[in-house]
Amino acid sequence: MKFKKALLISLIFNCFFLSGCWNYREIEQFSIVSGFSIDKSENIYNLTFEVIESAGGRDKKTSTKLISSEGLTIFDAIRNIIKYPGKKLYFSHAKVVIISSEAAKEGIIPLLDFINRDIEPRYNTKILISKNIEAEKILENGGNTEIFCYSLDDMLDAQKNLSNAPKVEVWEFIDDLGKIGISPTLPTITLEKKNNKVIPKIEGSAVFKGDKLVGYLNGSETKSLLFIKNKIKGGLLTKKIDIENNYANISLEIFNNKTKIKPKIENNKLLIEISTDTDVSIGEISGNIDFSKEEERKKIKSYFEEDLENQIKDLIKKAQTEYESDIFGFGKVIKIKMPSLWKEIEPKWKELFKTIDVSVKSNINIKNTAFTSNPIKAGD
Amino acid sequence: MTKETISDKQAISMIVMFIIGSSIVFGVGSEAKQDIWLAIIIALIWAFIIMFIYVKIYSLFPEKNLFQIIDFVFGKYIGKFISLLYIWYSFHLGALVLNDTFQFIKVVSFPETPEYILLIFMGTVCIWAVKEGIEVLCRMSSFFIILLIIIIILVSSLSFSVMNINNLRPTLYNGINPVLNSAFGIFSFPFAETVIFLGVFNFEKSKNNPFRIYYRALLFGGAIIFILSLRNILVLGSSFLESLYFPSYTTVELIEIGEFLQRIEVAVSVVFLYAAFIKISSCLLCSCKGIENIFNLDSYKILVAPVGLLMMTFACNIYESIMEMMEWAFLVYKYYAFPFQVIIPLIILIIAKIKTKKQLKSI
């Protein structure tokens, strides 16, 4: 009995000292990656990592540094990093991957396989495409933010108030890539000179066909794309309007949007009907249109509706003729709504998409006019 | 041997844990794609029919377990042979689940830890629990099932924000065949594996109602599997889901509520480990009871440690890699398990019916 008690006590006591993993590692033995970039030259991958260095103590401070390495595969490059700072990289806190457009043009699947397969990188890492510039350069011009890749992540999150770039996580991208009837898109990042400083700018999106990058959309085109994909969460609609020679620039703030895509057979032809229903408020009027009258409001409304319809139509035309890539997921919608028809047209969908008819109907509901009822007047 | 008594509720929770078992992380029936919910319902209906056989066997021979029934039905020699088959089945199933467990832990959390360390920890606990007897296992599962259900409900409700209803459409796009095929897979893993419990429980006629136990457990376990599979497909979509070994784990990984509530996928591992522990223990118990019956031993408890150790060694060497394991689990297993789950119980029931009728007549 005594022996048993002693054994039990020593076992419990040991729990405090022998706990943990098989080969535990202290945080100092790791380099925590906050994000990384992938470039490809010929057959060699060049990777640059932003690594968080934290100094403990009373005044806790985090700083980052960049390390690059190269290898035959992504994983090879990641492990080759050990040659330089001598630490193993730890990926579970990586939030952003920047892929250079040159590498993406040759196919993005080889670049993503590691992130998809390994357990450390998380599926909600976000992907960015560096437009016409090495991805490495973006990290180098990170500016003075504390952890640059985390601020990129915040920038992407904040895009919901601008809707000029999509926010795409690795798993969404892989799911879209694997599905038939939709091509994926990714946000793009470039460098721009501002106030004598080169700073990164996230705007627009990259269009894929299969797993290869084929072109870009600018900011406003991306907004139309998000409208079609029903992913608008906010942002502005801005337009110069003239009503009876009264000019004004008006901004509408989007609060809510619902887009419906409906495939239809009309006169033996496939027609895709897109209808958007947007709740907005008048956010700004620089001019003196009096919108307290219903008439005027209707005019504003119809101007904007027409504008939005045209933008969406233009984008669809561009995707059909220039990129020949179904980035809107029309095929997916047809598959869901008309499965029997899709079975027939699936093999020739790529051809069919180029010529498919699309009708767009936009509806904008002006819900309020923010804080004031009338524009500022100049009384003279 | 002292009589071990269990209540209906405890037995139900043990079977539910068994059903949740390894299916919670591996996911079931991914070849049905978006129609997985339909496949699960079909599998449940089949399982309900098969359960009828199991329950009938129980009610014909109350207070006996599978091996005693087999002895009675097939006579001494053929009976021993069929008992051996069942011992093999439960032993092999236990090893499979043990293998699942450490493969999962190895891939997800401890890639550098040697396999046998993980095995020893899981295996020893199972041996200990089985040595303590069925009562302990049952009481433990009736306690832990509450925890599991809370975790499952909490985690599933958190993933509402990432769900997309379009992932379920279109229904029956590829026809009914893949659905039936995957329903067959779901039927054999995990629902009809409950055949093991014929060898585990010795119900008391006055206290237990096998009909109620089996059907409630199946309904409950089936509902959990249904909810989890539906959640996985709603969040991940069929094309991404197919490529994953552990869909539940990934689904939970995607939950990100603000900056503070994320990385809760460990919750899935917790559920899995508890459920797998019950499953391994049930299989171990079943094979020990079978061996006890073959050799007419007084108690199976003396067998637990050697059989458990054998199971651990077997689990360690059964597959070369996780690819091989998946191939076996999703392609071969359903055909391999069919005789054990359906054919032999059916034969037992038919012969038993005839024999008992003859007995009645002769009196």
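Quick one: which residue in A:Arg117, A:Arg122 is free of Cβ contacts under 8 Å to residues at least 12 places away in the same chain and within 21 Å of A:Gly178 (Cβ to Cβ)? Don't jump to the end; show me each part of the working.
Values: A:Arg122 fails: free of Cβ contacts under 8 Å to residues at least 12 places away in the same chain.
Going through A:Arg117, A:Arg122 in turn, the sole match is A:Arg117.
Do we find that A:Ile182 is of a type in the set (Val, Ile, Thr), part of a strand (DSSP E or B), assigned by TED's automatic domain parsing to the domain that holds A:Glu140 and farther than 18 Å from A:Ser101 by Cβ in this structure?
no
Only one of (1) away from chain A (no Cβ under 14 Å); (2) basic (Lys, Arg); (3) over 23 Å from the mean Cα position of the chain (by Cα) is not met by B:Arg169, so which one is it?
B:Arg169 satisfies every listed condition except (1).
Tell me which residues, restricted to the range A:107-123, are outside any helix (DSSP H, G or I) and over 17 Å from A:Thr188 (Cβ atoms).
Pass one, the range A:107-123, residues outside any helix (DSSP H, G or I): A:107-108, A:118-123.
Within the range A:107-123, A:Gly107, A:Asp118, A:Ile119, A:Glu120, A:Pro121, A:Arg122, A:Tyr123 meet the criteria.
Determine whether the range A:57-74 contains at least one residue that is at pLDDT 80 or above, in the same structural domain as A:Thr188 (by TED's automatic domain parsing), surrounded by 12 or more Cβ atoms within 10 Å (Cβ to Cβ) and in a helix (DSSP H, G or I). Spell out how you get there, then give the answer.
Quick first cut of the range A:57-74, residues at pLDDT 80 or above only: A:63-74.
Going one step further and asking which of them are in the same structural domain as A:Thr188 (by TED's automatic domain parsing), we end up with A:63-74.
Subset that is surrounded by 12 or more Cβ atoms within 10 Å (Cβ to Cβ): A:64, A:66-71, A:73-74.
Now restrict to residues that are in a helix (DSSP H, G or I): A:74.
The answer is yes, given that some residue of the range A:57-74 is at pLDDT 80 or above, in the same structural domain as A:Thr188 (by TED's automatic domain parsing), surrounded by 12 or more Cβ atoms within 10 Å (Cβ to Cβ) and in a helix (DSSP H, G or I).
Out of the residues in the range A:67-125 that are aliphatic (A, V, I, L, M) and within 14 Å of another protein chain (Cβ to nearest Cβ), state the one that is farthest from A:Glu136 (Cα to Cα). Before the answer, list the steps.
To start, the set of residues in the range A:67-125 that are aliphatic (A, V, I, L, M) comprises A:67, A:72, A:74, A:77-78, A:81-82, A:89, A:94, A:96-99, A:103-104, A:108-109, A:111-112, A:115, A:119.
Narrowing the set further to residues that are within 14 Å of another protein chain (Cβ to nearest Cβ) leaves A:94, A:109, A:112, A:115, A:119.
Numbers: A:Ala94: 16, A:Ile109: 20, A:Leu112: 17, A:Ile115: 18, A:Ile119: 25 Å.
Across the range A:67-125, the extreme among qualifying residues is A:Ile119.
May I ask you to say which residue of A:Lys269, A:Lys348 is of a type in the set (Lys, Arg), within 28 Å of B:Ser238 (Cβ to Cβ) and at pLDDT 85 or above?
Numbers: A:Lys269 fails: within 28 Å of B:Ser238 (Cβ to Cβ).
That would be A:Lys348, the only listed residue that is of a type in the set (Lys, Arg), within 28 Å of B:Ser238 (Cβ to Cβ) and at pLDDT 85 or above.
Quick one: count up the residues across the range A:152-179 that are away from chain B (no Cβ under 11 Å), outside any loop (DSSP other than H, G, I, E, B) and surrounded by fewer than 18 Cβ atoms within 10 Å (Cβ to Cβ).
Selection size over the range A:152-179: 3.
Could you please find all residues in the range B:299-324 being among the aliphatic types (A, V, I, L, M), in contact with a helix residue (DSSP H, G or I) (Cβ under 6 Å, 6 or more places away or on another chain) and more than 16 Å from B:Ser281 (Cβ to Cβ)?
Let us first name the residues in the range B:299-324 that are among the aliphatic types (A, V, I, L, M), namely B:302-305, B:307, B:309-312, B:315, B:318, B:322-323.
Of the ones still in play, those that are also in contact with a helix residue (DSSP H, G or I) (Cβ under 6 Å, 6 or more places away or on another chain) are B:303-305, B:307, B:311-312, B:315, B:318, B:322.
Within the range B:299-324, B:Ile318, B:Ile322 qualify.
Conditions (1) outside any helix (DSSP H, G or I); (2) surrounded by fewer than 19 Cβ atoms within 10 Å (Cβ to Cβ), marked per residue:
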| residue | (1), (2) |
| --- | --- |
| B:Thr5 | yes, yes |
| B:Ile19 | no, no |
| B:Ile36 | no, no |
| B:Ala43 | no, no |
| B:Ala47 | no, no |
| B:Ile50 | no, no |
| B:Pro62 | yes, yes |
| B:Phe72 | no, yes |
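Name the residues in the range B:88-146 that are more than 13 Å from chain A (Cβ to nearest Cβ), among the polar types (S, T, N, Q) and touching a Phe, Trp or Tyr at 6+ places or on another chain (Cβ under 8 Å), would you?
Residues satisfying the conditions are B:Asn99, B:Thr101.
If you go through the range B:321-361, how many residues are touching a residue at least 40 places away in the same chain (Cβ under 8 Å), closer than 22 Å to B:Phe26 by Cβ and either small (Gly, Ala, Ser) or not in a helix (DSSP H, G or I) (or both)?
2
In the range B:254-266, is there at least one residue being under 30 Å from B:Lys131 (Cα atoms), of a type in the set (S, T, N, Q) and touching a helix residue (DSSP H, G or I) at 6+ places or on another chain (Cβ under 9 Å)? Quick ask: steps written out before the conclusion?
Taking the range B:254-266 as the starting set, the residues that turn out to be under 30 Å from B:Lys131 (Cα atoms) are B:266.
Now restrict to residues that are of a type in the set (S, T, N, Q): none.
No, that holds for no residue.
Which of the following residues is closer than 24 Å to B:Phe18 by Cα and either over 20 Å from the mean Cα position of the chain (by Cα) or touching a residue at least 60 places away in the same chain (Cβ under 8 Å) (or both): B:Asp100, B:Asp71?
On the way: B:Asp71 fails: closer than 24 Å to B:Phe18 by Cα.
Of B:Asp100, B:Asp71, the one residue that is closer than 24 Å to B:Phe18 by Cα and either over 20 Å from the mean Cα position of the chain (by Cα) or touching a residue at least 60 places away in the same chain (Cβ under 8 Å) (or both) is B:Asp100.
Just for helices (runs of 4 or more DSSP H) wholly inside the range A:277-356: which have at least 2 residues that are of a type in the set (Phe, Trp, Tyr)? Write out each step before concluding.
Working: elements: A:294-318, A:330-337, A:339-345, A:349-355.
Of the helices (runs of 4 or more DSSP H) lying wholly inside the range A:277-356, those with at least 2 residues that are of a type in the set (Phe, Trp, Tyr) span A:294-318, A:349-355.
Regarding A:Lys193, is this residue in a strand (DSSP E or B), modelled with pLDDT under 90 and assigned by TED's automatic domain parsing to the domain that holds A:Ser69?
Working: in a strand (DSSP E or B): yes; modelled with pLDDT under 90: yes; assigned by TED's automatic domain parsing to the domain that holds A:Ser69: yes.
Here the answer is yes, as A:Lys193 does meet what is asked.
Which one of the conditions (1) within 14 Å of chain B (Cβ to nearest Cβ); (2) more than 30 Å from the chain's Cα centre (by Cα) does A:Lys298 fail to meet, given that it meets all the rest?
(1)
Limited to the range A:220-271, what total is found for residues that are over 20 Å from A:Asn365 (Cβ atoms) and surrounded by 19 or more Cβ atoms within 10 Å (Cβ to Cβ)?
Adding up the residues that qualify gives 4.
Taking the range B:148-162, which residues are closer than 30 Å to A:Met338 by Cα and either more than 13 Å from every other protein chain (Cβ to nearest Cβ) or free of Cβ contacts under 8 Å to residues at least 40 places away in the same chain (or both)?
Filtering the range B:148-162 for residues closer than 30 Å to A:Met338 by Cα gives B:159-162.
If the condition is that a residue be closer than 30 Å to A:Met338 by Cα and either more than 13 Å from every other protein chain (Cβ to nearest Cβ) or free of Cβ contacts under 8 Å to residues at least 40 places away in the same chain (or both), then B:Phe160 is the only one that fits.
The values are calculated or read from the model by the stated rules, or taken from the named source; none is laboratory data. Because the structure is predicted, anything quoted here is derived from the model rather than measured. So basically every Cβ, Gly included, is an ideal-geometry build from the backbone, and we count neighbours across all protein chains shown.
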